[in-house]
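S.K.: Before I ask anything, let me first share the structure, which is written out below as structure tokens.
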Amino acid sequence: MNALLTSFAGSFGKSVVVGIYLPVVLVLSVWVLIVEPVIPASISIFQRLSIRNDELTWQVLGVLLVSMIFTALLYNLNNRIVNLLEGYPLMTSFLGGVLLARHAREVSTIDRKLLAAHAVLSDSGINANETLLLQIRARYRELISSRNRFPYKTEYLLPTRLGNIIRAFETYPEMQYGMGGVTLWPALTGVLDDMTRGQIEESRTAFDFTVNSTVICAIGALYGAGLSLYLVVNSLNDAVEMTLSATFVFLLLTVLAYRATIPAAAAWGEYVKRAFDTFREPLLKKYGINSLPKDIYEERRLWSLVTQQILAGDVYFYEDHTPNSLSSKPRFNRRSFSYFDIELSEAYAVSSKGERVKITKGVLTIPALPAGSLRMRIVVHAPEEDIVNVKVYDRTPDQYFYKSGSATLDGQSTEPFNSNLLIFNINNMTAGIDRVLEYEIYKF
């Protein structure tokens, strides 16, 4: 207990007062004022603090003391509590599997709707109908907002909505820039300006307030339920109605407080994402690199290397090493690489009407390619009739990056116009004529 209080006292500030201490005091005060007066003194902690004529004074001191103890506990258990609400303990359980499958279906539905909406918006003919265009754009923005509440890869999904919102902004730096968000966050906080740091701290404090309100209300509900059971067993029925009512109220507050954690986490995540967007270059300079690459793909490659070096050091990058020496052969330069080790993502081809076009995706065997590089080929098969504004949607496999300037369509240079989900514009297709798309990816 002494260690808990010492750790807590060393960090006592606005975030602790507002994020933890305030909800504890509020909940305890409600309990003392409403429930305590009607339960027998023999089982009341606070009524036992009544000494002569100083009953109120001692009860106030009792609330403050218990509040400090609860605050110290919640402060030291904060990360574990958040992990619990994110659903990590459920990951290997049956219930966790059901929840994960549900979220995966929801993400799949949103992705399909996004593809269809994007295909419609790409149709030049829709520009003539301004009202319809505005409606579809509004719907598209709604879908993007919904998708942003989940991590960009389904394997990153967690069982709870709160967990997915937090995981979404934790993996945002990886999706956008190839950065390990959790790995690089401690270093990034060192280069933030005061305004950005203050915004993040304020939003995190608001999130902590909702989390700790959830926990303390849940404790109140459990204590109320246990107290009600004790009163019934011991035939002390006079106070049962009040304790059951308090239990119901605290249970309702628990649900409301948990629901409030979701928008609070989303607001906190927006500030975290903006920090990665705007302070990458100062962070890179801290690692001895003077400027960001001009090409987003090269930047992702660089951040991937930085992240891997921080996580594993030279052990990750060298083939053979001993505790006292390192090999001169970096692992990422070796040529013993097989594309059969990867799992290809599913690609789609969609017309302007949202119709799927048959494709075949594979990997070309080209010995002259650098080690760790692959040449992808997607054949968009000939339609039975002419179709317009065909687009191919594809993702690179895990730990692979698109090589800028490497794509060709029927031998002519082309480029995807989205840096995350690769979107290639095939344009119009003539009946009976296949189109061949190729591009290069590389691994680190």
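The values are calculated or read from the model by the stated rules, or taken from the named source; none is laboratory data. Predicted model, so just to flag it, every value in this text is computed and none were measured. Virtual Cβ from ideal backbone geometry, glycine too; neighbours counted across all protein chains shown.
S.K.: For the subset of the stretch 361-390 comprising residues that are in contact with a strand residue (DSSP E or B) (Cβ under 6 Å, 6 or more places away or on another chain) and closer than 20 Å to S122 by Cα, which member is modelled with the highest pLDDT?
M.R.: Initially, the stretch 361-390 is screened for residues in contact with a strand residue (DSSP E or B) (Cβ under 6 Å, 6 or more places away or on another chain), giving 361-364, 366, 372-380, 383, 387-388, 390.
Filter once more, keeping what is closer than 20 Å to S122 by Cα: 380, 383, 387-388, 390.
Values: V380: 89, P383: 83, I387: 85, V388: 83, V390: 86.
The selected residue is V380.
S.K.: If you don't mind, another one. Looking only at the stretch 164-172, decide whether some residue is acidic (D, E) and in contact with a Gly (Cβ under 6 Å, 6 or more places away or on another chain). Let's see the steps before the verdict.
M.R.: Keep residues of the stretch 164-172 that are acidic (D, E), which gives 170.
Okay, now just the ones that are also in contact with a Gly (Cβ under 6 Å, 6 or more places away or on another chain), so 170.
Scanning the stretch 164-172 turns up at least one residue that is acidic (D, E) and in contact with a Gly (Cβ under 6 Å, 6 or more places away or on another chain).
S.K.: Residue check: is V82 touching a residue at least 60 places away in the same chain (Cβ under 8 Å) and over 21 Å from E270 (Cα atoms)? First the steps, then the outcome.
M.R.: Working: touching a residue at least 60 places away in the same chain (Cβ under 8 Å): yes; over 21 Å from E270 (Cα atoms): no.
Here the answer is no, as V82 does not meet what is asked.
S.K.: Turning to a different aspect of this structure: Given (1) modelled with pLDDT under 95; (2) part of a helix (DSSP H, G or I), where does S291 come up short, assuming only one miss?
M.R.: (2)
S.K.: Evaluate the following for L115: is it hydrophobic (A, V, I, L, M, F, W, C), modelled with pLDDT under 90, crowded, with 16+ Cβ neighbours inside 10 Å and under 23 Å from the mean Cα position of the chain (by Cα)?
M.R.: Considered against the rule, which asks whether it is hydrophobic (A, V, I, L, M, F, W, C), modelled with pLDDT under 90, crowded, with 16+ Cβ neighbours inside 10 Å and under 23 Å from the mean Cα position of the chain (by Cα), L115 comes out as yes.
S.K.: If I filter the stretch 155-197 down to residues being of a type in the set (G, A, S) and closer than 21 Å to L421 by Cα, which single residue comes out as surrounded by the fewest Cβ atoms within 10 Å (Cβ to Cβ)?
M.R.: To start, the set of residues in the stretch 155-197 that are of a type in the set (G, A, S) comprises 163, 168, 178, 180-181, 187, 190.
Restricting the remaining residues to those that are closer than 21 Å to L421 by Cα gives 168, 178, 180-181.
Numbers: A168: 23, G178: 22, G180: 18, G181: 21.
Step by step, filter the stretch 155-197, then rank; the result is G180.
S.K.: If you go through the stretch 420-444, how many residues are farther than 15 Å from A349 by Cα, buried (at least 17 other Cβ atoms within 10 Å of the Cβ) and out of contact with any Gly (no Cβ under 8 Å at 6 or more places or on another chain)?
M.R.: Counting residues in the stretch 420-444 that are farther than 15 Å from A349 by Cα, buried (at least 17 other Cβ atoms within 10 Å of the Cβ) and out of contact with any Gly (no Cβ under 8 Å at 6 or more places or on another chain) gives 3.
S.K.: Give the residues of the stretch 379-420 that are outside any loop (DSSP other than H, G, I, E, B) and either touching an Asp or Glu at 6+ places or on another chain (Cβ under 7 Å) or within 26 Å of T171 (Cα to Cα) (or both), sorted by residue number. Give the steps one after another, and end with the answer.
M.R.: Our first condition is that a residue be outside any loop (DSSP other than H, G, I, E, B); within the stretch 379-420, this holds for 379-380, 387-394, 400-402, 408-409, 412-413.
Hits for the stretch 379-420 are V379, V380, N389, V392, Y393, D394, Y400, F401, Y402, T408.
S.K.: Using the structure shown, decide if Y172 is in contact with a His (Cβ under 9 Å, 6 or more places away or on another chain) and in a helix (DSSP H, G or I).
M.R.: Working: in contact with a His (Cβ under 9 Å, 6 or more places away or on another chain): no; in a helix (DSSP H, G or I): yes.
For Y172, the condition - in contact with a His (Cβ under 9 Å, 6 or more places away or on another chain) and in a helix (DSSP H, G or I) - is not met.
S.K.: Something else about it: Out of the stretch 388-401, which residues are under 26 Å from I433 (Cβ atoms) and crowded, with 19+ Cβ neighbours inside 10 Å?
M.R.: N389, V390, K391, V392, Y393, D394
S.K.: Is it the case that some residue within the stretch 106-117 is more than 17 Å from L158 (Cβ to Cβ) and in contact (Cβ under 8 Å) with a residue 60 or more places away in the chain? First the steps, then the outcome.
M.R.: We begin by selecting, within the stretch 106-117, every residue more than 17 Å from L158 (Cβ to Cβ); these are 109, 111-117.
Next, from what is left, pick out any that are in contact (Cβ under 8 Å) with a residue 60 or more places away in the chain: 115-116.
Yes, because at least one residue in the stretch 106-117 is more than 17 Å from L158 (Cβ to Cβ) and in contact (Cβ under 8 Å) with a residue 60 or more places away in the chain.
S.K.: I've got another one for you. Could you grab the pairs with beta carbons closer than 7 Å, sequence gap of 6+ or different chains, first residue in the stretch 285-301 and surrounded by 15 or more Cβ atoms within 10 Å (Cβ to Cβ), second one assigned to a loop (DSSP other than H, G, I, E, B) and of a type in the set (F, W, Y)?
M.R.: Pairs that qualify, where the first residue is surrounded by 15 or more Cβ atoms within 10 Å (Cβ to Cβ) and the partner is assigned to a loop (DSSP other than H, G, I, E, B) and of a type in the set (F, W, Y), are R301/F444.
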